[in-house]
Amino acid sequence: MYNLIKMNLYRMSKAVSTKVIAIVWIFLTLFNFGVMKIVVDDPFNIMSEADKATLATSSVASDLIQSLFVSSNFLIILSVFVVLFANAEHKCGFDKNLIGITNHKWKHALARWISAVIGMTVLMVVSSLIYLGTCALFLNAFELGSLATLAKVCGIVYMGMVTFSAIFFFFTTLFKSSAGGLVPSLIISLGILFMIEKLLDFLFNKVFGSTDYVPSDFLFDSKFLNFDMDAGRNAIIFLGVLCLVYTVLTVGGSMLLQQRRDVK
Amino acid sequence: MEYLLETDNITKIYGKITAVDHVNLHLEKGEIYGLIGRNGAGKTTLLKMLAGLAKPTEGSYSIFGEPEKQTAKLRDRIGVLIEGPGLYPNMTAYENMKIKSLILGMNDDNFIKELLADVGLERNIDKLKVKQYSLGMKQRLGIAMTLIGHPDLLLLDEPINGLDPQGIVEIRELIARLSKERNITILVSSHILEELSKIATRYGILHNGQLIDEFTHGELLRRCRERIEIRPSDATKAVTVIEGMGITEYKVLDKSVIQIFERLEDSGEIVLELAKNNIKTLSIAVKNEALEDYYLSITGGAGKKE
Ligand SMILES: Nc1ncnc2c1ncn2[C@@H]1O[C@H](COP(=O)(O)OP(=O)(O)O)[C@@H](O)[C@H]1O
Ligand SMILES: [Mg+2]
């Protein structure tokens, strides 16, 4: 298992796609900072007081982290990264050289996902530091805020992204192709699924009247993308359980598929 | 006799296609086994099952004397090259080799370089991307990849396919050398019998998923020898006549055709002698089959014997 992860990290470090994705994301991070600078500090005095009031963008560290990652931008980057990484071995046929090395083929899937998460973690940590760093240095309105809140938001965001990575990973394993993995992943990242789920809630309410729960309470992406970071302990635990269930199901499913299916 | 590799009625069914049909294959230690079959015969499917990449629908196999289920610890002693080498095109030969060796927990960069040199790839191994390689170079890199774990068994699926004559000779010599120098047992498939005839010690002919024949290299040479083939009206009587002429090297096929391997210039005399004994000669020919024709004769008639 350790060797498999080492191998996956090596090939990740050598892949062109990894470098391109990392550069694009760092660029988008800096771009985000640029937008913040213009909107919040307004150095060119282009906004009236009324404009500022309507935009009302928070420049507290925890809010900055949330807005950086809980966005279509990052989800798209993440889905491209996970899908390309998860499919590369199969795409070039390298899997034929190594899947047969063990009878426990599921280990290959697990190691591949863990490696993708490690890659994602590095990307998130580096871009968080760059974003918070540039904001702290160059954004006049920057506020660090409560460190406890910052840690909590980082934890929730990270947990959600791990779950998203598992879901994207599953689709790639299921369809054994980049396109097959990307289409559903992008539908989620772009918020299209979110809208469909809203519609589902609406229909649910029409049929059953007003209930305590609606379907999207149990659908990870709606729950997460809509999550109120100030919510109480119970809501966070509920989200955590939801993340865990989705991660276990999708990673477990990928492992099962890897174990049972022939290598073509 | 304990075999290094043995299959027991191994079968793979894809929907309506029986790609591999109850094959019983036997491989002794140190052999180079040539698995010969046309495109679609089931060679790749059979090798994939042995390589642990596909599950048999039916039947089983054992490797190094252990049944399939207990091969977990032995799998890294098998090197596989299935259907053209699977390589990362944007990486160098060295990086591709490194990936494989990391999985096996090996960290010896010199060994990687030695292996690459051994297959004739020593220049630019850390500069040139694999996508810039010729097919022959990729095949050789593919073989080098199989050698990383110090394997005792190699499964090579059509390593010669698509190469030019020069490339074919190189790979063939490489395979022969690996078998001799490293004492590796090799199962190698090809759709051309002739390509393997110079190195294989044993052959299996796979046709429509079935192993229709298995023979040694010596047997192959014997079967392809120059000979007179006579179809007499009465083969039993004809044999007496032929023996009466002092001919001892002959063989009767299907109780109707007699193959004579000596006095090849005397076909006229043999016909005359048969006629004297009231035996008609229905057909006679001097045959010297090329390997390929021999192969066609066993597969061409869909398993029908001569
Ligand atoms: N994954 C698959 N799904 C369905 N049919 C397959 C698959 N792989 C091989 N086959 C079929 O099995 C037969 C044997 O194929 P293969 O093992 O590739 O033959 P060979 O390698 O001797 O050319 C062919 O008829 C092929 O179409
Ligand atoms: Mg084939």
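The values are calculated or read from the model by the stated rules, or taken from the named source; none is laboratory data. Remember, predicted model here, so these are calculated numbers, not experimental data. Here Cβ is always computed from backbone atoms with ideal geometry, including for glycine, and neighbour counts include all displayed protein chains. For accessibility, only protein heavy atoms count, side chains too; no ligands or nucleic acids. Shrake-Rupley method; radii C 1.70, N 1.55, O 1.52, S 1.80 Å.
Exposed loop sites are taken as chymotrypsin sites (Phe, Trp or Tyr not before Pro) in a DSSP loop (any state but H, G, I, E or B) with at most 13 other beta carbon atoms within 10 Å; the longest stretch of chain A without one runs A:45-212.
The fraction of all Cα pairs in chain A landing in successive 10 Å bins from 0 to the largest distance is 6, 26, 31, 23, 11, 3, 0, given as whole percents. Less than 5 angstrom separates the built amide H of B:L154 from those of B:G79, B:T185, B:I186, B:L187, all sequence-distant by 5 or more or on a different chain. Using the alpha carbons alone, the radius of gyration of region B:159-264 stands to its Kirkwood radius in an Rg to Rh ratio of 1.13. Taken about its Cα centre, region A:2-260 carries a charge dipole of about 1460 debye when Lys and Arg each add +1 at the Cβ and Asp and Glu each add -1 at the Cβ.
Carbon-plus-sulfur fraction of the accessible area of the protein assembly as shown, 1.4 Å probe, in percent? Of all accessible area on the protein assembly as shown, carbon and sulfur atoms account for 59 percent.
Under a model in which nothing but the beta-carbon of Lys, Arg (+1) and Asp, Glu (-1) is charged, region A:1-95 shows a dipole of about 600 debye around its Cα centre.
Take the Cβ-Cβ distance between B:Q166 and B:L282 as r, set R0 to 51 Å, and report the resulting FRET efficiency rounded to the nearest 0.05. Once rounded, the FRET efficiency stands at 0.65.
Considering only B:K69, B:K287, B:K12, the Gaussian network model of chain B with Cα springs below 10 Å gives its largest mean-square fluctuation to B:K69. Heavy atoms of the protein chains alone define the surface here; on that basis region B:179-306 has 52 Å² accessible area per residue at 1.4 Å probe size. In the structure shown, the pairs A:K14/A:K37; A:K107/B:K55; B:K16/B:K255; A:K6/B:K129 are assessed against 26 Å; a Cα-Cα span above that value is assigned to A:K14/A:K37; B:K16/B:K255. The alpha carbon convex hull volume per residue for the protein assembly as shown rounds to 210 Å³. Axis angle, to the nearest 10 degrees, between helix A:178-189 and the longest C-alpha principal axis of chain A: 30 degrees. Taking every DSSP beta bridge that has both ends in the protein assembly as shown, the antiparallel portion is near 65%. With N counted as the residues of chain B, its alpha-carbon radius of gyration over 2.2 N^0.38 Å works out to 1.22. Which residue fluctuates most in the GNM of chain B (Cα springs below 10 Å): B:L47, B:L115, B:L156? Of B:L47, B:L115, B:L156, the Gaussian network model singles out B:L115 as fluctuating most.
Determine the alpha carbon to alpha carbon distance for each of A:K264/B:K138; A:K105/B:K180; A:K91/B:K113; B:K12/B:K138 and list only those over 31 Å. With Cα atoms farther than 31 Å apart: A:K105/B:K180.
The angle between the Cα long axis of helix A:192-208 and the longest principal axis of the Cα atoms of chain A comes to about 80 degrees, rounded to the nearest 10.
Note that region A:2-260 presents 47 Å² accessible area per residue, ligands and nucleic acids not counted, probe 1.4 Å.
Computed from protein heavy atoms with a 1.4 Å probe, the total accessible area buried between B and A is close to 2600 Å². Computed with a 1.4 Å probe over protein heavy atoms only, the accessible surface of region B:94-174 comes to 42 Å² per residue. For the protein assembly as shown, build the charge dipole from Cβ charges (+1 Lys, Arg; -1 Asp, Glu) around the Cα centre, then report which of A:L129, A:F142, B:F215 sits farthest towards its positive end. So the residue we want is A:F142. From the largest down, region B:1-43 spans 36, 20, 9 angstrom on the principal axes of its Cα atoms.
Farthest toward the dipole's positive end in region A:2-260, which of A:L174, A:L199, A:I188, given Cβ charges of +1 (Lys, Arg) and -1 (Asp, Glu) about the Cα centre? Checking the options against the dipole of region A:2-260, the answer is A:L174. What FRET efficiency do you get for A:M229 and A:S72 if R0 is 22 Å and r is their Cβ-Cβ distance, rounded to the nearest 0.05? Step by step, r from the Cβ atoms, then E = 0.75.
Once backbone amide H atoms are built at 1.01 Å from N, B:T57 has B:T11, B:K12, B:I13 as its partners under 5 Å, excluding neighbours fewer than 5 places away on the same chain. Against chain B, whose longest principal axis is taken from its Cα atoms, helix B:267-276 shows a tilt of about 40°. Residues B:H26, B:H207, ordered by accessible area of protein heavy atoms at a 1.4 angstrom probe radius and largest first, appear as B:H26, B:H207.
Shape class of region A:106-231 from the alpha-carbon gyration tensor: oblate, with a/c at 1.5 or above and b/c at least as large as a/b.
Ordering B:R38, B:R75, B:R172 by accessible surface, largest first, gives B:R38, B:R172, B:R75; the 1.4 Å probe counts only protein heavy atoms, with every chain in place.
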